[in-house]
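Here the structure comes first, spelled out in structure tokens, and everything after it is commentary.
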Amino acid sequence: MKTVMVDMRDGIDKEGMRLAGEILRNGGLVAFPTETVYGLGANALDERASARIYGAKGRPSDNPLIVHIADWEDIYKIAVDIPGEAKLLADRFWPGPLTMVLKKSDLVPLTTTGGLATVAVRMPDHETARALIRAGGGYVAAPSANTSGRPSPTKAQHVAEDMDGVIDMIIDGGDVAIGLESTIVDLTEGIPTILRPGYINQEMLEEAVGRVEMDRALISEDSSVRPKAPGMKYRHYAPRAELIIVEGEEHCVRDQINRLVAEAESAGKKAGVIGTEESLLCYRSGLVKSIGSRADEITIAQHLYGILREFDELDVDVIYSESFETPHMGQAIMNRLIKAAGHQIMEVQTPEACSDGSADTGKLR
Ligand code: TXA
Ligand code: MG
């Protein structure tokens, strides 16, 4: 299949949008920008169309899709028993990076919801995305537009790497604004529960609706606790290289990463480092990349997936990353990074241990 790339970086191209809408209404697949990551869209109410998404991504069929809408009223067709919290959250955060899980109506096919009786709904904060949703009939099922298991795409080029020749169209809207997928909140079981952390954090949600809980699987040290969002159980976002997060006091982390890179290189391995603008010059060896600035944490979110893809291209054997427990998005950033690392975290012990320069001060958690 030939994949058409349409440039809408400077705004909506009318003819391109007409064609994109036609593709969606005929059951085809169109990748498009949102404020979080690029989505791979299909008509959510067409069973065959949404089934094609699973095929294109190589996605397990029990992993449900998010249905994207452009206007609040449209929610009544796909969800039932909508609780008051949904309207409160929509008033405050839609359009925006928030997905709500609600009871589904009979119109939503089970292929779209991975067999569940609930449906995840989101209204993206992106003009082009909303124009596409309207052009395509109002209901667009869209997971992130990557091959299953690869980092989510934050630019059209990433989508092309994974989906060229597999889908009908890619709309290029330039780099995304946030870089991590939306916050998912479940409204079907009493107290609203966060199933996936994102830009909209617990505190912001609580300001709007009162008490909000975190899915136990997100906070439990015990990785056998089953997450409520089926997609959260997969080892997502995985780079090809081994990835190890080094945690502890900043200067200890840098010392430890320098030691680890030296060891890896003397064992003949190609090593990468994920540092920040602030730490870049502290690293002596290895392929060092800055993910962004600790002084501006959104830059860290924006570049996380891109940097993992860049390291894939460079064919490194092992990547050592600093940890990013930043105040606003730290939970979302670390949730994705820890998954990419397959839970490999090394804690650097105490400042005393780190400054004595002994070779083995960190241990894997
Ligand atoms: O920011 C985003 O949400 C992006 C853009 C494209 O909108 N989309 C996205 O979709 O991240 P995806 O498919 O990569 O992730 C959807 C997540 C999965 O973890 C899935 O299991 C969960 O949402 N999910 C979908 N429907 C659900 C439901 N009914 N109940 C619980 N979890 C659900
Ligand atoms: Mg995804």
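Give me the number: length gained by fully extending Gln157 to Leu287, i.e. 0.36 nm times residue separation minus the C-alpha to C-alpha distance, one decimal in nm. Mind showing how you got there, number by number?
Details: separation 130, 0.36 × 130 = 46.80 nm, distance 2.23 nm.
Gain on stretching Gln157 to Leu287: 44.6 nm.
As a ratio to 2.2 N^0.38 Å, the alpha-carbon radius of gyration for region 203-269 is 1.68.
Remark: the chain carries 42 Å² of accessible area per residue (probe radius 1.4 Å; ligands, DNA and RNA excluded). Over the chain, DSSP H runs of length four or greater, each weighted -39,500 (n - 2.57), average out per residue to a 222 nm ellipticity of -9000 deg cm²/dmol. Grab region 15-116 and count how many Lys pairs have their alpha-carbon atoms under 21 Å apart, sequence gap of 8 or more, or different chains. Going through region 15-116 pair by pair, I get 5. Looking at region 244-349 alone, DSSP beta bridges between its own residues are antiparallel in about 5 percent of cases. If you run the Gaussian network model on the chain, springs between alpha carbon atoms under 10 Å, then out of Ser182, Ser321, Ser293 the most flexible one is Ser293. Taking other residues whose beta carbon is less than 14 angstrom from the beta carbon of Ile191, and scoring Lys, Arg as +1 and Asp, Glu as -1, yields -3.
With unit charges on the beta carbon (Lys/Arg positive, Asp/Glu negative), name the residue among Gly39, Met1, Ser321 whose Cα is farthest towards the positive pole of the charge dipole of the chain. Checked the options; the winner is Met1.
So for the chain, taking the charge dipole from beta-carbon charges (+1 Lys/Arg, -1 Asp/Glu), which of Ser279, Gly210, Ala262 sits furthest toward the positive end? Farthest along the dipole direction, towards plus: Gly210. Counting only alpha carbon atoms, the long axis of helix 14-25 and the longest principal axis of the chain meet at about 80°. The apolar share of the surface of the chain, taken as the fraction of accessible area on carbon and sulfur atoms (1.4 Å probe, ligands and nucleic acids excluded), comes to 48 percent.
Dipole check for region 148-285: with +1 at the C-beta of Lys and Arg, -1 at the C-beta of Asp and Glu, and the Cα centre as origin, the magnitude is about 540 Debye.
To the nearest 20 debye, what charge dipole does the chain have about its Cα centre, counting +1 at the Cβ of each Lys and Arg and -1 at the Cβ of each Asp and Glu? Before the final figure, lay out the partial values.
Details: 39 positive and 56 negative charges, 243 e Å.
Once rounded to the nearest 20, the dipole reads 1160 debye.
Each Lys or Arg adds one and each Asp or Glu takes one away; over the other residues whose Cβ falls under 11 Å from the Cβ of Ala145, this sums to +1. Between the listed residues Gly149, Val176, Ile133, the Cα displaced farthest toward the positive end of the dipole of region 100-184, a dipole computed from Cβ unit charges relative to the Cα centre, is found at Ile133. Taking θ as phi - 60° and the Karplus parameters 6.51, -1.76 and 1.60, the scalar couplings of region 192-208 work out to x, 10, 7, 9, 8, x, x, 4, 7, 8, 4, 4, 5, 5, 5, 4, 8 Hz in sequence order, x denoting glycine and proline. Per-residue extension of 0.36 nm, minus the Cα-Cα distance of Arg48 and Met1, leaves a gain of 15.1 nm for this segment.
About its Cα centre, region 21-166 has a charge dipole of approximately 180 debye under the convention of +1 per Lys or Arg Cβ and -1 per Asp or Glu Cβ, with nothing else charged.
Secondary structure note: in the chain, about 40% of the DSSP beta bridges are antiparallel.
The values are calculated or read from the model by the stated rules, or taken from the named source; none is laboratory data. Note that this is a predicted model, so its numbers are computed, not measured. Cβ atoms come from the backbone with ideal geometry, glycine included; neighbour counts cover every protein chain shown. Just the protein is used for accessible areas: all its heavy atoms, side chains included, with ligands, DNA and RNA removed. Shrake-Rupley method; radii C 1.70, N 1.55, O 1.52, S 1.80 Å.
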